[in-house]
1. Once you have the Cα-Cα distance between residue 78 and residue 3, take 0.36 nm times their residue separation minus that, and quote the gain in nm to one decimal.
2. Label points 7 Å out from Cα along the Cβ direction at residue 86 and residue 30: separation in nm?
3. Show me 2-15, 19-32 ranked by packing, highest mean number of other Cβ atoms within 10 Å first.
4. Subtracting the Cα-Cα distance from 0.36 nm times the residue separation, let me have the gained length for residue 65 to residue 38 in nm, one decimal.
5. Equivalent-ellipsoid semi-axes (√(5λ), Cα gyration tensor) for the chain, whole Å, largest first?
6. Can you give the angle from 0 to 90° between the axis of helix 41-57 and the longest principal axis of the chain, with both taken from C-alpha atoms, to the nearest 10?
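Readers should treat all values here as calculations from the given coordinates under stated rules, not as data from a laboratory. A quick note: this is a predicted structure, and the numbers were derived from the prediction, not measured. FYI the Cβ positions are ideal-geometry reconstructions off the backbone, even for glycines, and counts take in every protein chain you see.
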């Protein structure tokens, strides 16, 4: 578990960027004892490509967002379409 200062140094960003990542639910913060905020190192390491990409390229374009959405949800979208077509064929067939 890392504290916020360790995460700032590890990712090379400022505190406001960490707060933004928490708000956007890209980084999960864990409260220990109700006051101490900690972060799992594995989750922080998983953010390195995202943080570096946004630092180098700026905000994502709409195309990049759609592409990322498709990459993450394509299985679910295709499964839904398949099941919907199957149900349609059963009802009307």
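1. Using 0.36 nm per residue and subtracting the Cα-Cα distance, I get 23.0 nm.
2. The two pseudo-label positions are separated by 3.8 nm.
3. 2-15, 19-32
4. Working: separation 27, 0.36 × 27 = 9.72 nm, distance 2.86 nm.
Stretched fully, the residue 65-residue 38 segment lengthens by 6.9 nm.
5. So the three semi-axes of the chain are 38, 18, 10 Å.
6. Roughly 80 degrees, rounded to the nearest 10.
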